[in-house]
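The structure appears right after this line, and notes come after that.
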């Protein structure tokens, strides 16, 4: 029996058809940019040798001989090698390493193998179940304008995955973004929502973006405004003209022109010659302007010959009434400083002193043409202080036709009047004081005699 055992053992060792399983170890590593590096090692007596040709090892009939022993790859390891060979491979780097484009399905299978070891970088790769949706984030910088970034957003998350960080894998089943794989649903639009991954919008185009581009984007993708972008406000209420009158120098009106929209003041310098429909008032406020109102105002003051100095308009006092009328017709709010009111009173005093119209402001011409209403400066033919136009004086009473006596060619004789007892006593002196009649028969009233006592005093 012992002899048979020895012979049988020797027969087995010499049998060339006895093949042992080749022990393989797999090591996964990644550069964090989507490329995977897979190293295969052959283990002999705890020593490792790198397998140079992975594709050849997965082929039929691959054997390795060591110390009179023949080794072949086991079926489970052949399966692993075939899985690796299914990946897209490319040679990268100076060392000529083979890089693979890993897919979530392959990574999941490899992680189930007992002889597959991952580096820390490979372990950081996650295969998620959250679905992605196309999105655009809009941020705002008052000095630079808007920044619109295209990308994807995972369900339940606010953070945007920039488009340039995302890569759709070969079988289009997943999108890789950094260290994460996200499932690519059928409805996901993997195209860029805009022309570029990042679009910069200057401040003068902010209204157009919000009014036109943003609604169109919102119909296709989810748009998220950052807290800074949410501060932007547009006002489109009634556009009202404001005028403020002041005095510059001695005889010059100084005019400040601005506008108001929903309580916000819009300086004239912002809207004068503006090409767009909106003017930026401050870092976060834009107002819609009325171009017709601005043009009419500019044309009006240009027609008056206004001179601009330090953003304000200067006009002669003669244009005061023209400004007031235009403000009234335009429904504008006009404000006059106390200095203007004081100067108007001064000009009015000069007119009352007899200042010629050629030397005074034209808006005082109406005052100069009116008769002076002072009781001390009555015009002949006018009652002092009545303020009416001068007309010839009329008699207080006009005799009626029946009271007029026909003229008599004979010399006029006095008509004797019956005398009272008192008059008889007075004698001829009283008759001398009797009022004489005029041609119409009316008695002429004589002035009362002066009091001798008053003369002595």
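Each value in this text was obtained by applying a stated rule to the coordinates, not by laboratory testing. These numbers were taken from a predicted model, which means no experiment stands behind them. Methodologically, a virtual Cβ is constructed for each residue, glycine included, from the backbone with ideal geometry; neighbour enumeration extends over all protein chains shown.
For the pair residue 159 and residue 43, label points projected 7 Å from Cα toward Cβ lie 3.7 nm apart.
According to the Cα-based calculation, Rg over Rh for segment 239-350 is 1.00, with Rh computed by the Kirkwood formula.
For segment 298-349, a Kirkwood hydrodynamic radius built from all Cα pairs, placed in the Stokes-Einstein relation at 25 °C and 0.890 mPa s, yields a translational diffusion coefficient of 200 µm²/s.
Projecting label points 7 angstrom from Cα along Cα→Cβ for residue 282 and residue 195 puts them 3.4 nm apart. Provide the FRET efficiency to the nearest 0.05 for the residue 256-residue 236 pair, computing r from the beta carbons and using R0 = 35 Å. The formula returns an efficiency of 0.90 here. Compared with the alpha-carbon gap, the fully stretched path from residue 292 to residue 318 is longer by 6.7 nm at 0.36 nm per residue.
Kirkwood hydrodynamic radius, segment 77-129, all distinct C-alpha pairs: what's the number in Å? Mean inverse Cα-Cα distance, inverted, gives 12.4 Å. Only Cα sites of segment 185-309 enter the Debye sum here, all with the same form factor; the resulting log10 I(q)/I(0) across q = 0.12, 0.18 1/Å is -0.61, -1.02, listed in q order. Over all pairs of different C-alpha atoms, segment 273-331 has a mean inverse distance whose reciprocal, the Kirkwood radius, equals 13.3 Å. Here segment 31-184 is treated as an ellipsoid with the same Cα gyration tensor; its semi-axes, largest first and in whole Å, are 41, 15, 13. At each listed q (0.17, 0.20, 0.25 Å⁻¹), what is the log10 of I(q)/I(0) that the Debye formula gives for segment 132-227 modelled as equal alpha-carbon point scatterers? Log10 of I(q)/I(0), two decimals: -0.73, -0.95, -1.34. In plain terms, the chain from residue 131 to residue 75 could stretch by 16.5 nm, reckoned as 0.36 nm per residue minus the Cα-Cα distance.
Taking label points 7 Å from Cα along the Cα-to-Cβ direction, residue 109 and residue 91 give a separation of 2.6 nm.
Ranking of 81, 313 by neighbouring Cβ atoms within 10 Å, starting from the fewest: 313, 81.
Here the residues 191, 268, ranked from fewest to most Cβ neighbours within 10 Å of their Cβ, fall in the order 191, 268. Once the C-beta distance of residue 308 and residue 339 is scaled by a Förster radius of 22 Å, the resulting FRET efficiency is 0.60 to the nearest 0.05.
At R0 = 45 Å, how high is the FRET efficiency between residue 219 and residue 265 if r is their beta carbon distance? Nearest 0.05 is fine. Once the sixth-power term is evaluated, E becomes 0.80.
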